[in-house]
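Trainee: Below: one structure in structure tokens.
The values are calculated or read from the model by the stated rules, or taken from the named source; none is laboratory data. What you see is a predicted model, and the numbers here were worked out from it, not measured in a lab. Here the Cβ is made from the backbone with ideal geometry for all residues, glycine too, and neighbour counts use every protein chain on show. Ligands, DNA and RNA are excluded from the accessible area calculation, which covers all protein heavy atoms including side chains. Shrake-Rupley method; radii C 1.70, N 1.55, O 1.52, S 1.80 Å.
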Amino acid sequence: MEEIKKMSMFKDIPVDVGVIYEGQRIRRNDMQVEFGGPSVKEKFELAKVKPMDEIEDGKVTIIGPDIKDLKEGGSYPLGILVEAAGATLDQSLEGVIERRIHGYLNYIEGVMHLNQRYDIWIRLSKKSFQKGLTSLEPIGKVLCRLFKSELPIIEKVQVTFITDPAKVSELYPEAMQAYESRDAKARGLKDEEADKFYGCTLCQSFAPTHVCVITPQRYSNCGAISWFDAKASSSIDPKGPVFAIDKGQLINAEKGEYSGVDEAVRKRSMGEVNRVWLYTAFGSPHTSCGCFEAVAFYIPEVDGLGIVNRSFKGAAVNGLPFSTLADSTAGGRQVDGFHGLSIEYMRSQKFLSADGGWNRVVWLPKEVKERVKDFIPADLVDKIATEENATSVDALKSFLKDKNHPVVARWAAEEAPAVPAAPAEAEAVEVKEEAAGTMMPVATAASLPITAGGFKIILKDAKIYANKVIIQTVKSDTDKR
Ligand code: SF4
């Protein structure tokens, strides 16, 4: 990909195109317009494999107003349809083609693409608009050219952008149906039966230490790549972001730890992550990038897990919105008790199985509950609260007690008075040193990334000392996801 920016294939594009733009952030004040995102209900991107004679190679169609026709600073609906053909291309590759839209759009200077499928969020910068990126047409041309040069299995490709709100609404159910049938096809195979797992590092442009481990029963965080998609992707593009993982030895069946997974993640995260437990939100959970569809979060007051998805408006039961909970887990980190995940993973028998699976889930938005209802054990469905049953932890506690949710049995066990432990020798020494006036760190972190001068520096087991700490309130950031 490094060569892309040197190629002449983008000479007619008004802005630069290259891997250096991957991971670019466009703040609200710097954006010309945005498509999709949290304030737009209907948006989608969809790839379709078609017969050769139905594709006009390189054609870009825009249905509805173009960038230059839209009011600066506005948010608009968008559908992106990528239709491809090739002698050896079949429908099993649609998911693979679709997920590349994310990477390729992010190569364009001043274009930021986040998330996937029905959750897309695209911002175009004012700077690139002023440079001449005033139409979706050159963006479509870049997509067509990158698809053909990066995935030679594609012989013909055409791209359609739909900005007409009525047309987006018309096609939206079709896109949702396509995602569902793709997901349904991937259900059935068990992790124990698979000869290999797959990994994906596509999101490292935004979360440099993140590695998705994709197994038959643990769908990717973004919900856009199944085990079958990953298998197909690694076979047609072995040097691409999706790669095969030899499972190695099963170290812990309950938590889902495999020696091959640990090794692959260690290597691909540059030594940052050494161990991954696939089926739990605690201890060494799977890392979370930033484009996960939902977050599972621990609620200590009830010893249960809540789940909130990206499109849920308002605060989750613990008073925090999705954006805050997502910030607490995103960035390629392993955060004990927080877990970025896909909706499809919630349909898996391995869904947080080491934590109790659905027996441990106490709250989730109604919309998500409806979507996964058929996969929740029947006797539990009414015991799991939604925003209609509880909007605070106190209300949740009463609800769970009334319904006799399985977590209630855990409370009794935990209420037994604990005998305070005597301080260990090492702790006693530390207290003594503090009393003697030793300077204490003002911040500690197992891993603290700093970006400066074009380099990324990771401080491991960092302790920061300061003579003075100044705490200031900052303006609320409406741009945070
Ligand atoms: S969430 Fe995971 S599978 Fe999806 S694009 Fe990112 S790294 Fe790949």
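Trainee: Counting only residues 5 or more places away or on other chains, whose amide H sits under 5 Å from the amide H of TYR76 once H atoms are built in the peptide plane?
Mentor: Those qualifying (amide H under 5 Å, at least 5 residues apart or on another chain) are GLU34, PHE35, GLY36.
Trainee: If the viscosity is 1.306 mPa s and the temperature 10 °C, what Stokes-Einstein diffusion coefficient in µm²/s follows for the stretch 199-252 when Rh is the Kirkwood radius over Cα pairs?
Mentor: Translational D for this selection: 136 µm²/s.
Trainee: Something else now. What are the trypsin sites (Lys or Arg not before Pro) within the stretch 156-262 that DSSP puts in a loop, where the Cβ has at most 12 other Cβ atoms within 10 Å? Each step should come with its number before you reach the end.
Mentor: Details: sites: LYS156, LYS167, ARG182, LYS185, ARG187, LYS190, LYS196, ARG218, LYS231, LYS239, LYS247, LYS255; in loops: ARG187, LYS190, LYS239, LYS247, LYS255.
Answer by residue number: LYS190, LYS239.
Trainee: Per residue, how much accessible surface does the stretch 259-417 expose to a 1.4 Å probe? Answer in Å², no decimals.
Mentor: Details: 6330 Å² over 159 residues.
With the other protein chains kept in place, the stretch 259-417 gives 40 Å² per residue.
Trainee: Residues of the stretch 1-153: accessible area per residue at 1.4 Å, in Å²?
Mentor: Ligands and nucleic acids excluded, the figure is 40 Å² per residue.
Trainee: From the square roots a ≥ b ≥ c of the eigenvalues of the alpha-carbon gyration tensor of the stretch 189-293, which class results: rounded (a/c under 1.5), prolate (a/b over b/c), or oblate?
Mentor: Values: a/c = 1.34, a/b = 1.08, b/c = 1.25.
Rounded shape, in that the Cα axes give a/c under 1.5.
Trainee: Can you list the GluC sites (Glu not before Pro) in the stretch 178-269 that are in a DSSP coil and have 16 or fewer other beta carbons within 10 angstrom?
Mentor: When the GluC sites (Glu not before Pro) of the stretch 178-269 are filtered for loop state and at most 16 Cβ neighbours within 10 Å, GLU254 remain.
Trainee: Sticking with this structure for a sec: Any chance you could get the radius of gyration and Dmax over the Cα atoms of the stretch 120-276, in Å?
Mentor: Spelled out, the Cα radius of gyration and Dmax of the stretch 120-276 are 18.9, 56 Å.
Trainee: Work out, step by step, the length gained on full extension between ASN404 and LYS68: first 0.36 nm times the residue separation, then minus their alpha carbon distance; give nm to one decimal.
Mentor: Here the answer is 115.2 nm.
Trainee: Apply the Karplus parameterisation 6.51 cos²θ - 1.76 cosθ + 1.60, with θ equal to phi minus 60°, to every residue of the stretch 103-108 and state each ³J(HN,Hα) to the nearest whole Hz, in sequence, with x for glycine and proline.
Mentor: Result, rounded to whole Hz: x, 5, 5, 6, 7, 8.
Trainee: Determine the share of the stretch 157-223's accessible area contributed by carbon and sulfur atoms, expressed in whole percent, with a 1.4 angstrom probe.
Mentor: Details: 1250 of 2350 Å².
Within the stretch 157-223, the accessible surface is 53 percent carbon and sulfur.
Trainee: What translational D, rounded to a whole number of µm²/s, comes out for the stretch 228-378 from Stokes-Einstein when the hydrodynamic radius is the Kirkwood one over Cα pairs, at 4 °C and 1.567 mPa s?
Mentor: Translational D for this selection: 80 µm²/s.
Trainee: Where Rh is the Kirkwood radius over the Cα pairs of the stretch 93-181, the temperature 20 °C and the viscosity 1.002 mPa s, what D in µm²/s does Stokes-Einstein return?
Mentor: After rounding, the answer is 149 µm²/s.
Trainee: A further question follows. Could you calculate, for the stretch 27-180, the ratio of the Cα radius of gyration to the Kirkwood radius, expressed as Rg to Rh?
Mentor: Radius of gyration relative to Kirkwood radius: 0.95.
Trainee: Which ³J(HN,Hα) values, rounded to whole Hz and listed in residue order, are derived for the stretch 286-300 from phi using the Karplus coefficients 6.51, -1.76 and 1.60 in 6.51 cos²θ - 1.76 cosθ + 1.60 with θ = phi - 60°, glycine and proline given as x?
Mentor: 4, 5, 10, 8, x, 9, 4, 7, 8, 10, 8, 9, 6, 10, x
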